[in-house]
Amino acid sequence: MMEMDYLKESLLREYGGEAEEILAGLSCRRRTTLRVNTLKADRGRVEEELRAAGLSSSPVQGLADALVLPSGSESAVRKLGAYENGEIYLQSLSSMLPPLFLGAEAGEDVLDMAAAPGGKTSQLAQLTGGHAFITACEINHIRAERMKSNLKKLGCGRVNVIERDARKLDDFLRFDRILLDAPCSGSGTLDLTDEGSCKAFSEKLVHNSARLQKELIRKAVRLLKPGGTLLYSTCSLLREENAESAGEMKKLGLLPDPITLEGVEGLRLLDGGLPGSVTVCPNEFFEGFFMARYKKAP
């Protein structure tokens, strides 16, 4: 596949000798992972139900509410009462990182600019004890309705789902913290052993995504309150979508707020070309992922 040649050449150019490790990570079987929804349950109760269903699990050092299932499948988890009741949420470990490092607090106005299916939105609600005022954007009607259903099942109050392109939000709105988990090529989540997984990936998608990302960043900067925090993330490994897009925040006057990510079990970091940012190497536990955090001057 020519597009996979483009991916491999890009990884080799950007990461040098680490490209082989990245490609191996994109070819390995990812473990099933979930987040305990502490708005409705505690980890002990969830672990007990997993054991009763014959599913072993283990916590992840550095991610307090995460569990890894060494052998259980997502379909097995979906059969559990804890899943049906919204006590757990199937979520990759990498996607649990942005809400943690956004640092939202109770009472703050928080915007999730590209929110569906609602995993990070619900995690933001969980981390603030359900006491932040969260606005979640989704342009697609079906995905927005599904997100509303998910958030209701997970017990997330004070979340206002807006069916709108985040680029068209009214400029008079203001938020203390903004999470922009931007649309991207998904290069960090590809399964190179599955041709179907790679069909949507293309060089054109990378370029188009980068243009959209910069537009969303420009809107986010306008909506951010003085002193506010903007966290930008993608599930891509390519610098055009990561370091280059994130650099738009500095061009617009935001101040880098470096992320220190230590002590997370199974996490392997790469040099993504932007000091203070985080680039996660894909492996059996984590998807390829990128995060950068900036603040607006008071």
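The values are calculated or read from the model by the stated rules, or taken from the named source; none is laboratory data. Quick caveat, the model's predicted, so the values are computed rather than measured. Glycine gets a Cβ as well: all are built from the backbone with ideal geometry, and neighbour counts include every protein chain shown.
If a residue has to be under 30 Å from residue 198 (Cβ atoms) and either in a helix (DSSP H, G or I) or not charged (D, E, K, R) (or both) to count, how many in segment 15-52 make the cut?
From segment 15-52, those under 30 Å from residue 198 (Cβ atoms) are 15-35; that's our starting set.
Then drop every residue that is not either in a helix (DSSP H, G or I) or not charged (D, E, K, R) (or both), which leaves 15-28, 32-34.
Residues meeting the conditions: 17.
Checking the condition assigned by TED's automatic domain parsing to the domain that holds residue 283 and either in contact (Cβ under 8 Å) with a residue 60 or more places away in the chain or over 19 Å from residue 230 (Cα atoms) (or both), which residue from 78, 164 passes?
Values: 78 fails: assigned by TED's automatic domain parsing to the domain that holds residue 283.
Answer to the check: 164.
Conditions (1) over 26 Å from residue 285 (Cβ atoms); (2) of a type in the set (Gly, Ala, Ser); (3) at pLDDT below 95, marked per residue:
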{"position": "235", "(1), (2), (3)": "no, no, no"}
{"position": "239", "(1), (2), (3)": "no, no, no"}
{"position": "242", "(1), (2), (3)": "no, no, no"}
{"position": "248", "(1), (2), (3)": "yes, no, no"}
{"position": "252", "(1), (2), (3)": "yes, no, no"}
{"position": "260", "(1), (2), (3)": "no, no, yes"}
{"position": "263", "(1), (2), (3)": "no, yes, yes"}
{"position": "267", "(1), (2), (3)": "no, no, no"}
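Could you tell me whether residue 11 is crowded, with 19+ Cβ neighbours inside 10 Å, out of contact with any Cys (no Cβ under 9 Å at 6 or more places or on another chain) and closer than 26 Å to residue 239 by Cα? Walk me through how you get there before you give the answer.
On the way: crowded, with 19+ Cβ neighbours inside 10 Å: yes; out of contact with any Cys (no Cβ under 9 Å at 6 or more places or on another chain): yes; closer than 26 Å to residue 239 by Cα: yes.
Yes: the conditions hold for residue 11.
A quick yes/no check of all residues on (1) surrounded by fewer than 22 Cβ atoms within 10 Å (Cβ to Cβ); (2) more than 22 Å from residue 138 (Cβ to Cβ); (3) charged (D, E, K, R); (4) at pLDDT 95 or above:
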position: 35; (1), (2), (3), (4): no, no, yes, yes
position: 38; (1), (2), (3), (4): yes, yes, no, yes
position: 43; (1), (2), (3), (4): yes, yes, yes, no
position: 66; (1), (2), (3), (4): no, yes, no, yes
position: 77; (1), (2), (3), (4): no, yes, no, yes
position: 93; (1), (2), (3), (4): no, yes, no, yes
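Do you know which residues across segment 93-120 are within 10 Å of the chain's Cα centre (by Cα), under 20 Å from residue 148 (Cα atoms) and either outside any loop (DSSP other than H, G, I, E, B) or not assigned by TED's automatic domain parsing to the domain that holds residue 277 (or both)?
95, 96, 99, 119, 120 - these are the residues of segment 93-120 that are within 10 Å of the chain's Cα centre (by Cα), under 20 Å from residue 148 (Cα atoms) and either outside any loop (DSSP other than H, G, I, E, B) or not assigned by TED's automatic domain parsing to the domain that holds residue 277 (or both).
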